[in-house]
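Q: Questions regarding the structure given below will be posed in turn.
The values are calculated or read from the model by the stated rules, or taken from the named source; none is laboratory data. Just so it is clear, the structure is predicted and the values come from calculations on it, not from any experiment. Don't worry about glycine lacking a Cβ; one is built from the backbone with ideal geometry, like all the others, and counts go over all protein chains shown.
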Amino acid sequence: MRRWIHGVGILAAFATALALVAHAIGDALVPAAVISYATPWPVLGAAGAVTLGTLPRAWRLLALPPWIFAAMGWFHSSHPQGPGIEPQASTFLATTWNAGRTLAHHPEQWHFEAEVVVIIESGEMVPIWSRFREATPDYDWARLDTGMLLGVRGNVIESAVFGVEDRYRCTRSAVELRTGETLDVIAVDISSQPWRSKREPLEAIFRHIPRARPTLVLGDFNTPQESRLLEAATAGRFRSAHRTPHEGLRETWPWELPLLAIDHIWASPELPLLASSRALRSSDHRALTVQVQRPN
């Protein structure tokens, strides 16, 4: 029995070492991406606990590296801490939420505080479209060809679709807020298949962003905040909502489990991000909301 337990510990230690190597390599290589996406910091922390509880005492230091990694992951997830969103006249809210095709079945979810709302995987809306519009009279809604909804307290001026079928689907829209500011809003839905590199969609998405107009990029990237590909694509020009003051942990999937921050809001320099919040609705994704400084 003890030999079997030690065998489990050896397997856990080997798997943990492989995961740590994958995280060190980053997601530029597909095999490393698959492994690193599947082993976020809570998983590695649990693997460290298994290693500690099953290996012989002389080998228990092997539990230290995954615990260090998990501690660093927790620190980055929970910081910077802050009071959260405090509405001001000089700011507005933007929200993105992957509804998991549940929107039609949950009318209690048809309430939003944000001035800009992007809903991913809205599901079939035709049968309930009139009721949905009546329940949200403050919004100008656009049903995007990509299965997403864009709602603005103001006007959706125009939209254009780009992307590669089964890889990523995006819509670039020009919108006017009710206070008169004009923005570009890019709604994003990237394939969840981890064996497909995220390099092409991320580069294409941020390449479509002009420098002439303030821009928000919102949606389900299926790419964690720690992604090196995401860091390279944004090239230091855009700021992430996940790096703003918030309460709790930044992960958005699945449900309340803090595994991956794969839903994102990015903003160009003209739109400073002040604070963010996450809320569980009717799908396995938490809605991400960010407070944005209005452009001058």
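Q: Out of ALA46, ALA15, which single residue is of a type in the set (Gly, Ala, Ser) and either under 27 Å from ARG199 (Cα atoms) or in the same structural domain as ARG278 (by TED's automatic domain parsing) (or both)? Explain how you work it out, then say what you get.
A: Values: ALA46 fails: either under 27 Å from ARG199 (Cα atoms) or in the same structural domain as ARG278 (by TED's automatic domain parsing) (or both).
Only one candidate qualifies: ALA15.
Q: Could you tell me whether any residue of the stretch 235-248 is in a loop (DSSP other than H, G, I, E, B), closer than 28 Å to VAL34 by Cβ, in contact with a helix residue (DSSP H, G or I) (Cβ under 8 Å, 6 or more places away or on another chain) and of a type in the set (Phe, Trp, Tyr)?
A: yes
Q: Let me ask something additional. Looking at the structure I just gave you, is LEU271 assigned to a loop (DSSP other than H, G, I, E, B), over 20 Å from ALA99 (Cα atoms) and either modelled with pLDDT of 95 or more or touching a Leu at 6+ places or on another chain (Cβ under 6 Å) (or both)?
A: yes
Q: Same structure again: Just checking, does the stretch 178-200 include any residue being among the polar types (S, T, N, Q) and touching a residue at least 60 places away in the same chain (Cβ under 8 Å)?
A: Yes: one or more hits.
Q: Anything in the stretch 90-106 that is over 20 Å from ARG250 (Cα atoms) and among the β-branched types (Val, Ile, Thr)? List them, or say none.
A: Correct list: THR91, THR102.
Q: In this structure, does GLU226 turn out to be closer than 23 Å to ARG101 by Cα, of a type in the set (D, E, K, R) and part of a loop (DSSP other than H, G, I, E, B)?
A: It is false that GLU226 is closer than 23 Å to ARG101 by Cα, of a type in the set (D, E, K, R) and part of a loop (DSSP other than H, G, I, E, B).
Q: Yes or no: the stretch 259-278 includes at least one residue that is under 28 Å from LEU44 (Cβ atoms), in contact with a strand residue (DSSP E or B) (Cβ under 6 Å, 6 or more places away or on another chain) and without any contact (Cβ under 8 Å) to a residue 40 or more places away in the chain.
A: Yes - at least one qualifying residue is present in the stretch 259-278.
Q: Which is of a type outside the set (Val, Ile, Thr) and either on the phi > 0 side of the Ramachandran plot or exposed (fewer than 14 other Cβ atoms within 10 Å of the Cβ) (or both), of PRO42, PRO65, PRO56?
A: Going through PRO42, PRO65, PRO56 in turn, just one is of a type outside the set (Val, Ile, Thr) and either on the phi > 0 side of the Ramachandran plot or exposed (fewer than 14 other Cβ atoms within 10 Å of the Cβ) (or both): PRO56.
Q: Just give me the residues in the stretch 273-288 being of a type in the set (D, E, K, R) and touching a Lys or Arg at 6+ places or on another chain (Cβ under 7 Å), in sequence order.
A: Answer for the stretch 273-288, where residues must be of a type in the set (D, E, K, R) and touching a Lys or Arg at 6+ places or on another chain (Cβ under 7 Å): ARG278, ARG286.
Q: Then there is this: Looking only at the stretch 269-292, filter to residues that are surrounded by fewer than 20 Cβ atoms within 10 Å (Cβ to Cβ) and more than 16 Å from HIS246 (Cα to Cα); which one of those is nearest to the chain's Cα centre (by Cα)?
A: ASP284
Q: Can you report the number of residues in the stretch 218-243 which are surrounded by 22 or more Cβ atoms within 10 Å (Cβ to Cβ) and under 22 Å from GLN293 (Cα atoms)?
A: Residues flagged as surrounded by 22 or more Cβ atoms within 10 Å (Cβ to Cβ) and under 22 Å from GLN293 (Cα atoms) within the stretch 218-243 amount to 4.
Q: Restricting the search to the stretch 238-258, which residues are touching a residue at least 60 places away in the same chain (Cβ under 8 Å) and aliphatic (A, V, I, L, M)?
A: If the condition is that a residue be touching a residue at least 60 places away in the same chain (Cβ under 8 Å) and aliphatic (A, V, I, L, M), then LEU249, LEU257 are the ones that fit.
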